[in-house]
Every structure is written in structure tokens, then in C-alpha cells.
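Structure, as C-alpha cells:
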Amino acid sequence: MVLVVSPENDKKLAYTRMEGNLLGSIVGLVVFFIPFPTLILLCLGLSLTIIIGLFLNLQTSVRTAVAATIIVLFQEQSAHSWEVALKRVGCVLVGCLVGFIITLLFTKIENIGAKKKTGNTPKLQ
């Protein structure tokens, strides 16, 4: 959620960050099933995330995508299971949705406040 919400309540920025989270989560989940050590998986996942992000023209989303890839792939040695990776993908997706809803909510509140301010000010002629 923190990766989606911005102080400016910018819907476009929140959407861009959601794209990055989706990309990173999907790449992280796919790479997770390759039977390599975690360090190699991280390097492979980050490289693929960056390459796919650039290929899909998502340059502004790549930083967020990299963070999501790390969240999905980085696991403790004792908990290396596909269930943990799947739960992390789910958490990233739910966090994105919550962050986007919060952004939309605060944007609406700001718009209502701006309308009240402009509606109550006397017009000079």
C-alpha cells in the first residue's frame, strides 16, 4: 500500500505504481519456481522485471516493480515455499487496491474542499 499512495493524491501516479506492483509480483512469482538459490533468483527476477518493464514502456513503474519483485522473492531459508510467495503476491495486490482506493477517496475529499472554497469566495468585478 505504501508503494501506491503518494502525498499528492495523484490518481495517475497511483495507477502507475499499481502497474509496477503487478509486474513485479507476477515476475517474482514466475521466477520463484526456478530451482536456484535465492540470490540467483533475485538477480534473475530483478533483471527480468527491468527488461519487461522497459519493453512494455513502463519506465515510470520499474522502481516500484523492482520493490514488488524483491518482496515476493526474498524469503527466509526455512520458509521457502510457494505458499509464502503466493501469499506475498496476494498481499501486494490487496495493498495496491487499498492504496488506490485511499488515493481516490482523498482526491474526492480534496475536490469537494476546493469546490467549497471557490463557491464561497466573493467575485470581484
Can you tell me how much longer the chain between Thr118 and Ile51 gets when fully stretched, taken as 0.36 nm per residue apart minus their C-alpha distance, in nm with one decimal?
-> 19.5 nm
Difference of contour (0.36 nm per residue) and Cα-Cα distance, Val98 to Leu39 = 18.2 nm
Mind checking region 41-111 for GluC sites (Glu not before Pro) that DSSP puts in a loop (not H, G, I, E or B) and that have at most 10 other Cβ atoms within 10 Å?
-> Glu76
Straight-line reach from Lys108: which lysines have Cα under 28 Å away, leaving out those fewer than 8 places along the same chain?
-> Lys11, Lys12, Lys116, Lys117, Lys123
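Laboratory data are not the source of any read-out in this text; all were calculated from the coordinates shown. Everything numeric in this text was worked out from a predicted model, so none of it was measured. Virtual Cβ from ideal backbone geometry, glycine too; neighbours counted across all protein chains shown.
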